[in-house]
Each structure stands twice: as C-alpha cells, then as structure tokens.
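The values are calculated or read from the model by the stated rules, or taken from the named source; none is laboratory data. These numbers were taken from a predicted model, which means no experiment stands behind them. A quick note on method: Cβ atoms are made from the backbone with ideal geometry, for glycine too, and the neighbour counts reach across all protein chains shown. Each accessible area value is taken on the protein alone, full model and side chains, heavy atoms only, with ligands, DNA and RNA left out. Shrake-Rupley method; radii C 1.70, N 1.55, O 1.52, S 1.80 Å.
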Amino acid sequence: MLRNLFTEFDKCCQEKNVYKLYTIGDCYVVMGMVDAKDRNPALEAKNTVEMGFEMINIISKVRDKINNSDLDMRIGIHTGKIIGGVLGTDIVRYDIYGPDVLIANKMESKGERGKVQVSETTKKTLELCYPEEF
C-alpha cells in the first residue's frame, strides 16, 4: 500500500516541480527548490503547498480503494534557508539541516491529519505573491 501511495506521490513531484528528498517509513519528505541557480522562493512555496493538497487527494483515493478509514497523513510546510549535503562515502544520502528544517518538521508533527499546515512565513509569502489563490 505504501509503495502504491508513494509511487503516486513521486508522479506528483514531477507534476508540481518539487524535489523528493527521501522517505523514512511512512514519512515522505520533499522540498520546493529544484534548481539552486534559478531560485523563486514564492513559486517554490506555492508548488510545495499544491503538492501537499494533491497528496491529500491521493491519500483519499487510496483510502477509498483499500477501504481503510485510518489511512491519513499530516503535512507540514515552511519556507526558509537550509544547509544541504551528501553524507557518507560508500552508501551516500543527500540530506538537509538547519533551524528552518526543524520548523517544517514541527509544522508536520503538530498538524492535523488530512490537513496541510504551513508556517507563518509560508503563509505570508503566499498571500503576498499569490493573493488571488491563497
């Protein structure tokens, strides 16, 4: 079930132009930045929030398909700065760090199931740059 769910999320990453960092168990981690040379934080935030909404739709469809009312996720989003890098030598993994990563994590862990919770920073960015949509 997770494989099918995450496969749909992976497709959505491509459509929404977000970057999937990794999965850990049932946790699916993405970031809005795709090209470090051509940054647009407002668009990255918008793409990530749209990804979150689409994840909720995908979860709902899978929940109905497998007839499991308990299937759900919390989604948390924050806009900020990160430190990223490759860890390891023989088995490598790209990861991100920093206070803003912790804020995004708190948005998720303190959020409600089936909802997208954004930080105040992300909220203000979206309202400023996309007032008709958010």
So how exposed is residue 74, as accessible area in Å² (1.4 Å probe, rounded to 10)?
-> 100 Å²
Go through the stretch 124-134 residue by residue and turn each phi into a ³J(HN,Hα) via Karplus (6.51, -1.76, 1.60, θ = phi - 60°); whole Hz please, and just put x for glycine and proline.
-> 5, 4, 5, 5, 6, 8, 9, x, 7, 9, 10
Relative contact order for the chain using alpha-carbon pairs under 8 Å, separation at least 6, rounded to a whole percent?
-> 21 percent
To one decimal place, what Kirkwood hydrodynamic radius in Å is obtained for the chain from all pairs of distinct Cα atoms?
-> 15.6 Å
Quick one: Karplus J couplings for the stretch 80-86, per residue in order, coefficients 6.51, -1.76, 1.60, θ = phi - 60°, nearest Hz, x for Gly and Pro?
-> x, 9, 9, 10, x, x, 9
Near residue 81, which lysines are there with a Cα under 20 Å away, not counting those fewer than 8 places off in the same chain?
-> 20, 37, 46, 106, 123, 124
Hey, got the dipole for the chain? About the Cα centre, +1 on K and R Cβ, -1 on D and E Cβ, debye to the nearest 20?
-> 160 debye
Counting only protein heavy atoms with a 1.4 Å probe and every protein chain in place, the carbon and sulfur fraction of the accessible surface of the chain in whole percent equals 51 percent
Ignoring everything but the protein chains, give the 1.4 Å probe accessible area of residue 58 in square angstrom, nearest 10.
-> 20 Å²
